[in-house]
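What follows is one structure encoded as structure tokens, with my remarks underneath.
The values are calculated or read from the model by the stated rules, or taken from the named source; none is laboratory data. Owing to the predicted nature of the structure, the values given are computational and were not obtained by experimental measurement. Every residue, glycine among them, receives a Cβ derived from its backbone with ideal geometry; neighbour counts consider all protein chains shown. These accessible areas exclude ligands, DNA and RNA; they are computed on the full protein's heavy atoms, side chains included. Shrake-Rupley method; radii C 1.70, N 1.55, O 1.52, S 1.80 Å.
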Amino acid sequence: IDILEFLKNNTKSYRRYGNVILPQKVNSTLAQFLGYFTGDGNFEEDRITFSEQDKYVALYYKNKFKKFFKIDANYRFRNKKNYHQIRFTSRPLVRFIKEEFQEIKSKTHSGVPSKISMSDDKVVAKYLKGLFDAEGYVSNDSIGIASINKTLISQMQLLLLRFSIISSFFEWDNRNNPYSKKPIFKLRITEKQSITDFKKFIDFTSKKKSKHLDFLIKNKKDKSSVRQILPMGKEIKQIIKNYNHKFARFGVSGFLSGNGMISKHVFKTSILNKVKNKDLYYELVKIYNSALLPVKISKI
């Protein structure tokens with residue numbers, strides 16, 4: 001018997017778990033699902049479960065991915081535990097994530113999937129959005145996210161640099177926590193330009209967090225200790241000197257003498273905005289627009 005011919009003439013396909021649609025390549029929607037799952041999801045043999053505090057966010061993800069994967073999604077509010085639960089029952093979907101994105105394992109051992117980190121910026125931005133939707137927060141002075149997973153937080157810090165978002169990464173002593181003694185690793189974004197870029201490229205799905213983010217940007221000062229001009233004050237002074245420009249106008253004599261550093265904001269307000277000569281202005285703008293940022297090593 002020709003087995004292929006027999007199957008063609010006498011059988012038909014049977015989908016026990018419904019007609020789930022699994023994407024053929026990584027796109028922005030799948031990336032957001034994976035980010036949210038990495039931050040707040042877990043899987044069993046044939047279902048994926050999310051636990052969410054914000055009802056709006058829970059329903060957003062339920063409807064978005066019910067439509068994307070073409071599968072039913074179950075939603076309910078767990079009254080005793082005070083959170084909103086979303087469930088997608090699909091063994092093929094669970095297998096798809098386990099096989100194609102093997103870096104996603106558990107809360108403590110998951111990493112950013114290589115298929116995400118090798119994707120374009122739009123895909124990476126949505127992956128980060130999913131992660132921040134799951135675990136991120138906005139305070140009165142910063143955006144942050146915390147996890148017991150050191151690898152994931154350090155990888156997120158690198159991914160944020162694609163969007164010129166500068167963040168700090170530190171370990172938090174958790175020994176006073178009665179439930180877990182494991183250290184917590186925190187990522188914080190405190191600089192106004194980085195917070196503005198976060199809003200532009202990533203943002204939050206939560207209306208409450210997004211509104212709080214707008215308020216933070218509006219009230220944050222432009223001072224920056226991380227987005228600074230390369231330490232080339234003497235070279236900049238020589239460029240200005242070549243155009244016979246007066247130095248007294250700038251008020252940053254220490255920097256121009258090679259002492260200390262200044263932020264890009266100070267460079268713009270104290271030097272660029274006071275230059276009238278167009279040729280000199282364009283010379284200095286090249287320095288201002290440099291993608292390189294100097295970083296001091298505090299210790300090795």
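Rg/Rh for region 1-130 to two decimals, with Rh computed the Kirkwood way over all alpha-carbon pairs.
Details: Rg = 16.9 Å, Rh = 16.0 Å.
Result for region 1-130 is an Rg/Rh of 1.06.
Nonpolar atom fraction for the chain, defined as the carbon and sulfur part of the 1.4 Å probe accessible area, stands at 51 percent.
Rounded to the nearest 10 degrees, the inclination of helix 28-40 to the longest alpha-carbon principal axis of the chain is 90 degrees. In this structure, the pairs whose alpha-carbon distance is over 31 Å, taken from LYS67/LYS218; LYS70/LYS129; LYS66/LYS107; LYS64/LYS209, are LYS67/LYS218.
Which of ILE145, ILE165, ILE97 moves most in a GNM of the chain, Cα contacts under 10 Å? Highest fluctuation of the listed residues: ILE97.
The slack in the chain from THR151 to PHE96, taken as 0.36 nm per residue of separation less the alpha-carbon distance, amounts to 17.5 nm.
Here the calculated FRET efficiency for ARG249 and SER210, from their Cβ-Cβ distance with R0 = 41 Å, stands at 0.50, rounded to the nearest 0.05.
Which residue fluctuates most in the GNM of the chain (Cα springs below 10 Å): PHE65, PHE250, PHE88? Checking each option, the largest mean-square fluctuation is seen for PHE250. What the Kirkwood sum gives for region 159-300 is a hydrodynamic radius of 17.9 Å, with every pair of different alpha carbons counted. Taken per residue, the accessible surface of region 162-237 reaches 63 Å², heavy atoms only and a 1.4 Å probe. Applying both filters, DSSP loop and at most 16 other Cβ atoms within 10 Å, to the trypsin sites (Lys or Arg not before Pro) of region 81-139 gives LYS81, LYS105, LYS107. The heavy atoms of LYS264 present about 30 square angstrom of accessible area, all protein chains included, probe 1.4 Å.
Counting only protein heavy atoms and using a 1.4 Å probe, the accessible area of ARG162 comes to about 90 Å². Stretching LYS278 away from ILE239 to a fully extended chain increases their span by 12.7 nm, per 0.36 nm per residue minus the current alpha-carbon distance.
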